[in-house]
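Take a look at the structure below.
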Amino acid sequence: MTAVTLYDLGIAVHMMSVVIAFGVTFAYPIIFAVGARHEPRSLPLLHRVEYTIERWLVNPGLLVVVLAGAYLASKGHHWSEFFVQWGLGAAIVIGALVGSVMIPTAKRAEQLAERDVAAAAGGSTVVFGEDYLGLARRLSIVGSLLSTLVLVTILFMVIRP
Amino acid sequence: MGAGAIITLAGVPLAVTFSEVVIALHILAVVIAFGATFAYPVIFAVAGRYPRALPVVYRAVHAISQRVITPGLALVVIFGIYLASDLHLWSTFFVQWGLAVAVVIGAVEGMFLGPREKRLVEVAEADIAAAGPEGEVRQSDEHRSLVRSVGAVGALMDLLVVVTIYFMVTRTGA
């Protein structure tokens, strides 16, 4: 049996933070599909949930992923390797897209969805405007892109091309 | 295909073995299957302020259990079995722990959390119906009790996942 090193702990923290930070983003399509199908009036709340998760879970989790990754790359002298540079690049892209696209778009989508829900007062069917649907499409496309980036990055981290 | 088999692309050998690809798939399945559960505290903290939206939030949680966690867990186990067999790791502690945890999570999801998530939808809808269209929604005792039990057991499952990741990474007992 081999003793656990600080490097091993670093890998464990790195992987745990990936699971905690990014795992929920793969469930967004199901959360919004359930909301749209069963209770469209809940969509403003679901957008609020979305950007709150990104603020309180994804962003801090990403920071831990980067810090643990930087420790591992330094300790293992891996900075010149492709998978480390890809990982760092992916972290920058994810952080930038979450901060400059996902959070502001989800906040705007919440406002527009609230407007459309208020316009359908009295229990009538909610009809969402084209502006809201456009934002929802943008969230879906950028969210899928981020999820794909996470998947590809995990693949590169394991196979170390 | 054996663990050490080199994958080829259009006849060109890549420096990637099949077992490395399966390890990547194993980790991907863990991220997708269990990641969402770590966001539940945030989801419930936000949704708890809007009691009329709780039924749809509970429906979403139940849908995640059925369509993400359960199939994801199956993939985690299948890839894990392949790796343990191909790399001859069945006798190691971390593999036996991982298998036991997968069985526990599957059983708890199917027999404890799943039925209670469905019941949560019903009691949350009953609370809203009791409050009428404009009244303040008050949570029933059963609603509060279910939230406590699902929250506590869910947190325990998250802890199991984190501990298992630690054992897998450090290959405890190998």
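Here, each number is a calculation from the coordinates, and none is a lab measurement. Worth saying up front: this structure is predicted, and the values here are computed from it rather than measured. Cβ coordinates were reconstructed from backbone atoms using ideal geometry, including for glycine residues, and neighbour counts include every protein chain displayed.
What the table shows:
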| item | result |
| --- | --- |
| Between 0 and 90°, nearest 10: helix B:54-64 axis offset from chain B longest Cα axis | 20 |
| Chain B: angle of helix B:93-108 to the longest principal axis, Cα-based, in degrees nearest 10 | 30 |
| Two-decimal log10 I(q)/I(0) for region B:134-174, as the Debye equation yields it once each C-alpha is a single scatterer, q = 0.15, 0.23, 0.30, 0.33 Å⁻¹ | -0.55, -0.77, -0.92, -0.99 |
| Sequence-distant residues sharing a close amide H with B:VAL137 (under 5 Å, placed H) | none |
| Dipole magnitude (debye, nearest 20) for region A:1-93, charges at Cβ of Lys, Arg, Asp, Glu | 240 |
| Under Karplus coefficients 6.51, -1.76 and 1.60, residue-wise ³J(HN,Hα) of region A:72-79 in Hz, glycine/proline x | 5, 5, 6, 5, x, 6, 10, 4 |
| Table column - 3J(HN,Hα) (Hz), region B:154-171, Karplus curve with 6.51, -1.76, 1.60, x for Gly and Pro | x, 5, 4, 5, 4, 4, 4, 5, 5, 4, 5, 4, 4, 5, 5, 5, 7, 6 |
| 5 angstrom amide H check on B:VAL16, placed H, neighbours 5+ away | B:ILE7 |
| Spacing of the two label points (7 Å from each Cα toward its C-beta) at B:ALA174 and A:LYS75, in nm | 1.6 |
| Gyration tensor (Cα) of the protein assembly as shown, equivalent ellipsoid semi-axes in angstrom | 38, 24, 17 |
| Note, ³J(HN,Hα) from phi for region A:134-151, Karplus 6.51, -1.76, 1.60, rounded to Hz, x at Gly and Pro | x, 5, 4, 5, 4, 4, 5, 5, 5, x, 5, 4, 5, 4, 4, 4, 5, 4 |
